[in-house]
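In what follows, a single structure is set out as structure tokens and then discussed.
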Amino acid sequence: MGFFSKDIKTLDDLFVHTLQDIYYAEKQIAKALPKMIDKATDPALKAGFEKHLSETKGHIERVEQVFEMHGVEAKGVDCPAIDGILEEADEVSGDIDDKRVLDAGLIASAQAVEHYEMTRYGTLIAWAKQLGRNDCASVLKQNLDEEKATDKKLTEMAESKVNLQAAE
């Protein structure tokens, strides 16, 4: 089913489809993070990725909870956007020999992922509220808040240390 498929007729249909999208995305991210952990050389970055892997598993559980609350089966739909972001991250990190530059590239890739997730969660929260599902919105907001916190930590790490080292 394409994003604007004829199967999507209502805001509720669109909400469920986008929930399936983020579910797929979170699962793909959970598969990709161990590679990023292995490639990271900065200890704080490696630890940050490990923490985010644990959080991502929690995000998957919360999305499953929202599916259940909304009375629909938890399943994903292919998300070419996250597949592309993760593929690019893998390609970029495979092309960098300097470990300091690699860490800067990994942060940039991780932030691209975070920004995608933040847009999806923000949209889902708005739609859940519009559909009268404040219960679903509040669960999804927990994921959004964690994604924003991760993005902020990545920015701080990049600006205070990693990018400076990469520029040397």
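Points to keep in mind about this one:
- Residue count for the range 115-136 satisfying the condition of being surrounded by fewer than 20 Cβ atoms within 10 Å (Cβ to Cβ) and of a type in the set (A, V, I, L, M): 3.
- Test: residue in the range 144-167 that is exposed (fewer than 14 other Cβ atoms within 10 Å of the Cβ) and in contact (Cβ under 8 Å) with a residue 60 or more places away in the chain: no
Yes/no matrix, rows are residues, columns are (1) charged (D, E, K, R); (2) under 23 Å from T150 (Cβ atoms); (3) open to solvent by 20 Å² or more (accessible area, probe 1.4 Å):
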position	(1), (2), (3)
F15	no, no, no
A30	no, yes, yes
G48	no, yes, yes
L53	no, yes, yes
G71	no, no, yes
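- Listed by position, the helices (runs of 4 or more DSSP H) enclosed by the range 95-168 include none that has at least 1 residues that are on the phi > 0 side of the Ramachandran plot.
- Taking the criterion of being within 21 Å of D13 (Cα to Cα) and open to solvent by 30 Å² or more (accessible area, probe 1.4 Å), the residues of the range 73-86 that qualify are E73, A74, K75, G76, D78, P80, A81.
The values are calculated or read from the model by the stated rules, or taken from the named source; none is laboratory data. Small disclaimer: the values here were computed from a predicted structure and weren't measured. FYI the Cβ positions are ideal-geometry reconstructions off the backbone, even for glycines, and counts take in every protein chain you see. Accessible surface areas use protein heavy atoms only, side chains included; no ligands, DNA or RNA. Shrake-Rupley method; radii C 1.70, N 1.55, O 1.52, S 1.80 Å.
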